[in-house]
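Below is one structure, written out as structure tokens; comments come after it.
The values are calculated or read from the model by the stated rules, or taken from the named source; none is laboratory data. All values derive from a computational prediction rather than experimental measurement. In this analysis, Cβ positions are derived from the backbone assuming ideal geometry, glycine residues included, and neighbour counts consider all displayed protein chains.
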Amino acid sequence: MKSLSDMSVKEVADALSKDPSADLLKACARDQREGIRRLLERHSKHQQAQALELKRIQELLHEEKKLWEQGFLLVAGVDEAGRGPLAGPVVASACILPAQFDLPGLNDSKKLTESKREKLFGQIQKQALAYAIGSAEPAEIDLYNILQASKLAMKRAVEGLKIRPHHLLIDAVTLPQVNIPQTGIIRGDALSASIAAASILAKVTRDHWMRDLHTLYPEYGFDKNKGYGTNEHLQALQRLGPSPIHRRSFAPVDREAAEY
């Protein structure tokens, strides 16, 4: 291997990006070239950021670790997306993560950009021991109310898992009709890695479905608003009345439906 003095700045940059040895880092610290100093500073900041992210992820696993220590080795996080929209289904996911995973940036789906959610969506699908999606349609939301429909979607997601979990960690609620030990955690999508992963799977899946539904009902802008009551969506409701996928029990939809 070349000595550091014989390496170009680009070669050093490549070496620092590939798990550099302690000897290389010491040599970089002694090197007088400004470019090498900047590379070393950048590498140091990157390492610090990685350490902080690893610490954050470990803190997100606090609830899972407690259950693992009690013998509940297969812990499924459960969350839903789409309680608030005026149209479309409520979608839930159940997700069992392995004890070791590589999901940098994992967090409550609401705290992530769309591009970051999409990236994590694929990574979670690849790394999860098991995951499943469940949903409840607008007619079920109207029949049962949104809370009960959300629980129904969660129940369907849990029942869809190919591996039966030993324990459930659920965002905010519990599922009495599911005969599996479980814990409801307020703001669980920000406090549990498993629930955060489920929140991303549910949110991205629902967004994809709403974009598909936009092709059937393009006048309402579901590709952009995902069924939420934006000004443009409310104006379309006033002009056209509700579509077959609107939630008739929600006040703005119910009001407009009365006109048709």
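Of the residues A94, A87, the single one that is within 19 Å of L175 (Cβ to Cβ), surrounded by 16 or more Cβ atoms within 10 Å (Cβ to Cβ) and assigned by TED's automatic domain parsing to the domain that holds D189 is A94. Being of a type outside the set (S, T, Y), surrounded by fewer than 19 Cβ atoms within 10 Å (Cβ to Cβ) and in contact with an Asp or Glu (Cβ under 8 Å, 6 or more places away or on another chain) is a condition met by at least one residue of region 193-212.
The rows are residues; the columns are (1) over 18 Å from the mean Cα position of the chain (by Cα); (2) modelled with pLDDT of 95 or more.
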{"site": "A149", "(1), (2)": "yes, yes"}
{"site": "A153", "(1), (2)": "no, yes"}
{"site": "A157", "(1), (2)": "no, yes"}
{"site": "L168", "(1), (2)": "no, yes"}
{"site": "A172", "(1), (2)": "no, no"}
{"site": "L175", "(1), (2)": "yes, yes"}
{"site": "I180", "(1), (2)": "yes, yes"}
{"site": "I185", "(1), (2)": "no, yes"}
{"site": "G188", "(1), (2)": "no, no"}
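Restricted to helices (runs of 4 or more DSSP H) entirely inside region 148-256, those with at least 3 residues that are of a type outside the set (A, V, I, L, M, F, W, C) and in contact with a His (Cβ under 9 Å, 6 or more places away or on another chain) are 222-225.
Among the residues of region 212-226, is any of a type in the set (V, I, T) and in contact with a Leu (Cβ under 7 Å, 6 or more places away or on another chain)?
Taking every residue of region 212-226 in turn, none turns out to be of a type in the set (V, I, T) and in contact with a Leu (Cβ under 7 Å, 6 or more places away or on another chain).
The residue pairs whose first member lies in region 220-237 and is crowded, with 21+ Cβ neighbours inside 10 Å, whose second member is assigned to a helix (DSSP H, G or I) and β-branched (V, I, T), and whose beta carbons are closer than 8 Å, counting only pairs six or more residues apart or on different chains, are L237/V253. Just one of the numbered conditions (1) of a type outside the set (D, E); (2) touching a residue at least 60 places away in the same chain (Cβ under 8 Å); (3) over 23 Å from I170 (Cα atoms) is not true of A81: (3).
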